[in-house]
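We did not get these values from a lab; they are worked out from the coordinates using the rules stated. It should be emphasised that the depicted structure is a prediction, and the values quoted were computed from it without experimental measurement. Quick reminder, even Gly has a Cβ in these numbers, built from the backbone with ideal geometry, and neighbours come from all protein chains shown.
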Amino acid sequence: MRILITNDDGIEAAGIRKLAEAAKEFGEVWVVAPDGQRSAASHSYNFHHSVNLKACPFPVEGVKAYACSGTPVDCVRVGVLKLMPEKPDFVLTGINQGYNICADIQYSATVGSALEATFLGVKAIAFSQGSFKDADIVDRYLTEIMEECMKADPGKNRIMNVNFPDCSLAECKGILRNCVVSQDDFYEDTYEEEALDDGSSEFHLHYKRHWEAASEGTDLMAVRDGYISIGPVSNIM
């Protein structure tokens, strides 16, 4: 099969390399990823401006890789509609550094680019991890979960969303499937104002993460309690 991979952390991120390494077991892998950090770009793409694509070396042998000046959604659109000789069988996004759960899914370009794939008629899976300080859980479960999600049928205009917990392999309790997107508050956001010499002000984002209100059966509860969360996420359609 043909697999297209993108992310929102940039083409040089460690997570996209791990995703490409695992995907190679299933077929031909193409990478089209942003040339830098694009987190929180959501489902945005360049409508009024062109994007630049440049072939580049990639640390996984046999993978065709391109750095893109646009957003992760641009990467999927250009890859599917123009670059690849045939429409891919799957689009994989990530592995994102930071969970894509709760309301954060609305901002995530990891999820946004996967949802774009469904607009284009391609099945998609989004992968995220709390942090990359311990990769043992990903190394142990990634290929197995990738195969499982490829065989799954999330339904029309839906993707599979996978989140690896931020704990050691010994602390991981396994996999929770069919997790729903939590409606609980995950972050408390505030802004700190800084007055500038020209009379304007800069506002700096500060946030605090909440775990306490994780509802049963949700993605938030799963990763909080040390489980891998797998579940479908709906497209706006």
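Among S229, S234, S168, S113, which comes first, second and so on when ranked by fewest other beta-carbon atoms within 10 Å?
So the residues, fewest neighbours to most, are S168, S234, S229, S113.
Listing L120, L19, L142 from the residue with the fewest other Cβ atoms within 10 Å to the one with the most, what is the order?
Values: L120 15, L19 28, L142 22.
In increasing order of surrounding Cβ atoms, one gets L120, L142, L19.
Can you pick out the pairs among K18/K64; K87/K133; K18/K156; K64/K87; K87/K173; K64/K173 whose Cα atoms lie more than 26 Å from each other? Please list the in-between numbers first.
Values: K18/K64 15 Å; K87/K133 35 Å; K18/K156 28 Å; K64/K87 15 Å; K87/K173 37 Å; K64/K173 36 Å.
From the list (K18/K64; K87/K133; K18/K156; K64/K87; K87/K173; K64/K173), the Cα-Cα distance tops 26 Å for K87/K133; K18/K156; K87/K173; K64/K173.
Farthest toward the dipole's positive end in segment 62-164, which of A103, L81, L142, given Cβ charges of +1 (Lys, Arg) and -1 (Asp, Glu) about the Cα centre?
The Cα lying farthest towards the positive end belongs to L81.
Shape verdict for the chain, please, from the Cα gyration tensor: rounded (a/c under 1.5), prolate (a/b greater than b/c) or oblate. Numbers along the way, then the final one.
Numbers: a/c = 1.59, a/b = 1.08, b/c = 1.46.
In terms of gyration-tensor shape, oblate.
Considering only N161, F203, G130, whose Cα is most displaced toward the positive end of the charge dipole of segment 122-207, charges sitting on Cβ of Lys, Arg (+1) and Asp, Glu (-1)?
N161
Spin-label point model (7 Å from Cα, Cβ direction): what's the S201 to E148 distance in nm?
About 4.8 nm, to one decimal.
When the chain is fully extended, how far beyond the present Cα-Cα distance does L83 get from E61, taking 0.36 nm per residue of separation?
On the way: separation 22, 0.36 × 22 = 7.92 nm, distance 1.95 nm.
Value of the extension gain: 6.0 nm.
In debye, nearest 20: dipole of the chain around its Cα centre with unit charges on the Cβ of K, R (+) and D, E (-)?
Details: 21 positive and 36 negative charges, 261 e Å.
Computed about the Cα centre, the dipole is about 1260 debye.
Evaluate the distance, in nm, between pseudo-label points positioned 7 Å from the Cα of E188 and of R209 along their respective Cα→Cβ axes.
Result: 1.6 nm between the two label points.
Taking the Cα atoms of segment 153-237, report the difference between the largest and smallest coordinate on each principal axis, in whole Å and largest first.
For segment 153-237, the Cα extents along the three principal axes come out at 55, 38, 21 Å.
Looking at segment 129-185, which GluC sites (Glu not before Pro) are in a loop (DSSP not H, G, I, E or B) and have at most 12 other Cβ atoms within 10 Å?
On the way: sites: E144, E147, E148, E171; in loops: E171.
When the GluC sites (Glu not before Pro) of segment 129-185 are filtered for loop state and at most 12 Cβ neighbours within 10 Å, E171 remain.
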